[in-house]
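S.K.: Quick one: structure below, then a few questions.
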């Protein structure tokens with residue numbers, strides 16, 4: 001026989017732990033808001049671990065009191081004494097396997113006629129539910145649920161069924177007593193439905209973890225049964241293990257089955273009771289025909305589960321390289337190199353043997369193997385709506401410029417409001433919310449992804465290699481000495497001014513190329529956050545206190561940009577682009593997203609035939 005896992009109570013416990021973790025994050029964030037407080041927070045965490053290790057049976061309340069006495073004033077950071085104690089208490093609760101769901105604790109205490117503090121002390125393990133496993137299930141795999149355990153589970157199921165899960169309600173105790181009476185009145189039906197549920201529900205523990213109904217901390221909560229942090233590195237066998245078979249039972253579903261049987265006047269002596277129970281289980285999910293509408297729960301599908309398919313990260317990475325190249329094209333880097341090759345071919349450059357002459361010769365020799373300027377312009381035209389492309393080679397991306405400015409403006413406005421809010425210590429809601437940033441980012445990412453199909457990725461690889469080669473040759477001392485330039489940018493300026501009709505604003509284009517690449521790579525790396533319907537898209541702490549999120553010295557923002565990198569990139573792009581503050585605020589406001597498809601849609605053949613007959617030719 002397998003252990004019995006109460007999956008509905010396990011799911012409630014996981015949700016309660018998530019809320020507890022969020023509260024801890026809030027207190028830690030408050031401590032970090034003061035510069036240099038990370039060290040003090042580490043002191044608090046180490047002190048918590050020391051006390052719990054020296055006093056294994058200490059309660060969270062006692063831990064808070066102990067910490068108040070022993071923690072130095074300098075280690076409390078931006079938190080008060082009470083807040084520090086509260087943080088320590090929450091950390092201890094989160095690191096313990098004991099339940100944190102107040103709903104379950106209130107029901108168990110009422111059924112046992114004891115306080116939860118007395119129950120959690122260890123004298124009555126059957127009342128302590130760990131991740132959906134009652135005490136009987138932690139001591140033996142063959143034991144069934146005890147009388148008290150089954151009563152607690154079914155009373156919890158009845159309360160959940162009636163949406164009475166708030167232990168702070170002034171009539172909560174009365175409601176528990178009423179459900180106890182209902183359970184005892186139909187005890188035989190509850191026993192029969194419970195037995196049928198056990199036979200239908202054998203699964204692996206890992207499957208329930210993957211489904212999001214059970215916390216992964218359930219692994220090892222029986223053996224070695226240390227605190228959660230201490231058993232992370234356990235090498236011996238952990239009980240229960242991920243591959244262990246359990247019988248996953250929902251007390252709420254069992255309660256619903258029994259209520260339906262009672263409503264239909266089914267008695268425990270009915271000769272077809274087992275069949276009627278199976279039918280009731282099936283009707284709850286509408287698995288059989290003939291179920292009345294009132295028997296089927298409203299459980300709408302999550303339309304956002306597949307919403308990420310319209311944003312392909314690989315397409316965004318290709319567009320990143322193309323945008324970077326496009327800005328360098330605007331400063332005429334390609335034309336500069338080609339003009340230098342012409343001068344070299346004509347013998348007008350005093351260059352001898354060496355790397356530069358070899359590169360220029362091979363570049364001239366393989367001219368037919370590279371994309372031409374017209375082909376590159378066509379790609380910029382399709383990806384960004386840039387002028388200069390051939391309209392017969394594809395549709396331009398007409399929405400890019402507006403979507404680009406809207407996303408940059410939303411990020412910029414959001415970060416500026418955070419700075420003002422911090423300076424004034426104001427709690428006034430900001431004008432640009434996380435959801436506005438998410439929407440603007442998602443619209444832009446979907447637009448770029450849609451226009452990044454086809455040859456884009458292969459072209460991006462070629463363009464990237466070309467830029468690397470250009471950088472190497474233009475920074476070579478031999479070539480710089482020919483033009484009397486200190487760096488590659490002076491070489492570009494001099495060739496532009498003397499041979500290509502005038503200098504270009506190289507500072508602007510190289511700033512926009514780098515920062516644009518950072519912005520697009522951030523979109524590619526945060527597709528999950530952009531397509532989620534909940535949770536932050538930007539980490540406020542990383543923007544307000546970037547020193548608390550230091551990165552390695554070899555960190556490359558164009559590969560793995562942080563939220564701080566994104567904010568800086570948006571601000572710099574807007575600054576060099578000359579976008580006025582008033583325009584930034586205007587673009588930051590949301591609009592309806594443009595109508596786009598996940599992939600390019602070809603024109604139907606009958607429409608092509610009609611246009612051909614009218615003398616209008618379209619690209620294939």
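S.K.: Give the range 323-350 a look and list any residue that's part of a loop (DSSP other than H, G, I, E, B) and either touching a strand residue (DSSP E or B) at 6+ places or on another chain (Cβ under 9 Å) or surrounded by fewer than 20 Cβ atoms within 10 Å (Cβ to Cβ) (or both), or say none.
M.R.: Scanning the range 323-350 gives 346, 347, 348, 349, 350.
S.K.: Can you spot a residue in the range 386-397 that is more than 30 Å from residue 543 (Cα to Cα), exposed (fewer than 12 other Cβ atoms within 10 Å of the Cβ) and in contact (Cβ under 8 Å) with a residue 12 or more places away in the chain?
M.R.: Checked against the condition, which is being more than 30 Å from residue 543 (Cα to Cα), exposed (fewer than 12 other Cβ atoms within 10 Å of the Cβ) and in contact (Cβ under 8 Å) with a residue 12 or more places away in the chain, the range 386-397 yields at least one hit.
S.K.: Would you check which residues across the range 481-491 are in a helix (DSSP H, G or I) and in contact with a helix residue (DSSP H, G or I) (Cβ under 6 Å, 6 or more places away or on another chain) and list them?
M.R.: Correct list: 483, 488, 489, 491.
S.K.: Six or more apart or on different chains, Cβ under 8 Å: which pairs go from a residue in the range 328-345 that's under 17 Å from residue 476 (Cβ atoms) to one that's outside any helix (DSSP H, G or I)? Could you list them?
M.R.: Partner pairs satisfying both residue conditions: 336/500; 339/500; 340/349; 343/349; 344/351.
S.K.: With the range 352-464 as the region, which helices (runs of 4 or more DSSP H) entirely inside it contain at least 1 residues that are at pLDDT below 85?
M.R.: Fully inside the range 352-464 and qualifying: 400-424, 434-450.
S.K.: Which of the residues belonging to the range 492-514 are without any contact (Cβ under 8 Å) to a residue 24 or more places away in the chain and assigned to a helix (DSSP H, G or I)?
M.R.: 493, 494, 497, 498
S.K.: If you don't mind, there's one more thing I want to ask. Among what's in the range 1-26 and is out of contact with any helix residue (DSSP H, G or I) (no Cβ under 6 Å at 6 or more places or on another chain) and not in a helix (DSSP H, G or I), pick the residue that is surrounded by the most Cβ atoms within 10 Å (Cβ to Cβ).
M.R.: 5
Condition check ((1) farther than 20 Å from residue 350 by Cβ; (2) over 28 Å from the mean Cα position of the chain (by Cα); (3) crowded, with 18+ Cβ neighbours inside 10 Å) across all residues:
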position: 458; (1), (2), (3): yes, yes, no
position: 481; (1), (2), (3): no, yes, no
position: 489; (1), (2), (3): yes, yes, no
position: 497; (1), (2), (3): no, yes, no
position: 515; (1), (2), (3): yes, no, yes
position: 522; (1), (2), (3): yes, no, yes
position: 526; (1), (2), (3): yes, no, yes
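S.K.: Only one residue in 273, 187, 205, 245 is more than 40 Å from the chain's Cα centre (by Cα) and touching a residue at least 60 places away in the same chain (Cβ under 8 Å). Which one?
M.R.: Result of the check over 273, 187, 205, 245: 273.
The values are calculated or read from the model by the stated rules, or taken from the named source; none is laboratory data. What you see is a predicted model; the values in this text were computed from it and never measured. No Cβ is skipped: glycine too gets one built from the backbone with ideal geometry, and neighbour counts run over all protein chains shown.
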